[in-house]
Amino acid sequence: MKSSSVFSRPPLLQSLLLLLLLPPPPLRPICAQVSTGAATSWTPGAPDCPEACACAPGGQANCSALALVAVPPGLSRRVRTLLLDHNRVRALPPGAFAGAGALLRLDLRENGLRSVHARAFWGLSVLQRLDLSDNQLEALAPGTFASLRALRSLSLADNRLALLEPAALGALPLLRALSLQDNALSALSPDLLTGLPALDALRLRGNPWACGCALRSLCAWLRQHPRPASEAETLLCVSPGRQTLSPLTAFPDAAFRHCAQPLAARDLAVVYALGPVSFLASLATCLALGSVLTACRARRRRCRASARRPPRRPPDPDPDGPASPEIPVSPTAASAQA
């Protein structure tokens, strides 16, 4: 009776009892399906992957050798490595990599790149490796790399740089490797290396170095960071005449003794503080002396004019007026007049 009473209950209650008695399904296949779906979701053409690029689960977007003329749109924070080498990107506009704020590596080799806007790399605050080699860069605007505070490796090799201003690099406290080989550099600014405190690998061969006072700081840096003899022998002077083919590492600090020493920070502060004051004082002195000199010349002109003026004659007597009284003349004066 008891068992029959159970089965005589409504069908809904029976279904609930059967679900409770069944064993739970295994969770492993479900997790495997979820992970497999996440791995295959980032495919070319997906919202997080740039169009026409080959994307991998590790965050690599391979856009190499696709004849691209601009940075592909659709970059996201899932991109960790962006390969744009061997394309035709001639210029980088402001915010060229907007959306890729998590980018760690950027490869732009062999694009025929000619210009890079000062704000082209804005937003890439965690970028660690940047390769701009084998392009046609002739100059870099101030602040080009200033926002890349996490940068550790920068390659500007095989370009046409004749001048590299310290303001272009800015302060890169973590930069360890800088490649400047095969450019048109003849000197480096003394302030360029002071903004790179962690630098220990500097590639410089293939540049027409002029061994003058402008290379003093570079030669000092090379002495503090010895390199293999085979590499040191490639850093040669091409001017002036008597220094031609001399290695940069062969110049001691005594060779630059004739060069003017740069002013220290304290001396610069004194110059900047006293410069305006001395200028205003000299200007006031000149104005005062000029006023005194002008007054003296005006007085001298008045004196000369009064000296040249004829004396005033007494007025002629009026013939119709009263006759002047006759003055008696003494006999002595009369005889003298006769």
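The values are calculated or read from the model by the stated rules, or taken from the named source; none is laboratory data. Being a predicted model, the structure only gives us computed values, none of them experimental. For neighbour counting, all protein chains shown are included, and Cβ atoms are generated from backbone atoms with ideal geometry for every residue, glycine included. For the accessible areas, the whole protein counts, side chains as well, though only heavy atoms, and no ligand, DNA or RNA atoms are used. Shrake-Rupley method; radii C 1.70, N 1.55, O 1.52, S 1.80 Å.
General remarks:
- Residues that are among the aliphatic types (A, V, I, L, M), within 13 Å of residue 106 (Cα to Cα) and surrounded by fewer than 16 Cβ atoms within 10 Å (Cβ to Cβ) within the stretch 119-149 comprise just one, 126.
- Test: residue in the stretch 85-96 that is touching a Cys at 6+ places or on another chain (Cβ under 8 Å), on the phi < 0 side of the Ramachandran plot and either open to solvent by less than 30 Å² (accessible area, probe 1.4 Å) or at pLDDT below 95 (or both): yes
- Residues of the stretch 107-118 satisfying the condition of being in a strand (DSSP E or B) and open to solvent by 20 Å² or more (accessible area, probe 1.4 Å): 115
- Taking every residue in the stretch 70-87 that is under 17 Å from residue 129 (Cβ atoms) and free of Cβ contacts under 8 Å to residues at least 60 places away in the same chain and pairing it with any residue that is buried (at least 20 other Cβ atoms within 10 Å of the Cβ) and of a type in the set (Asp, Glu), at least 6 positions away or on another chain, the pairs with Cβ-Cβ distances below 9 Å are 81/107; 82/107; 83/107; 84/107; 85/107; 85/131.
- Any chance residue 134 is modelled with pLDDT of 95 or more, charged (D, E, K, R) and either outside any loop (DSSP other than H, G, I, E, B) or within 22 Å of residue 165 (Cα to Cα) (or both): yes
- Taking helices (runs of 4 or more DSSP H) as the structural unit, those lying wholly within the stretch 182-294 and holding at least 2 residues that are open to solvent by 40 Å² or more (accessible area, probe 1.4 Å), out of contact with any Asp or Glu (no Cβ under 8 Å at 6 or more places or on another chain) and at pLDDT below 75 correspond to 229-232.
- Members of the stretch 138-167 found to be in a loop (DSSP other than H, G, I, E, B) and among the hydroxyl-bearing types (Ser, Thr, Tyr), listed by number: 144, 147
- Cβ-Cβ under 6 Å pairs, at least 6 apart or on other chains, the stretch 129-140 side more than 13 Å from residue 115 (Cα to Cα), far side crowded, with 21+ Cβ neighbours inside 10 Å and among the charged types (D, E, K, R): 131/107
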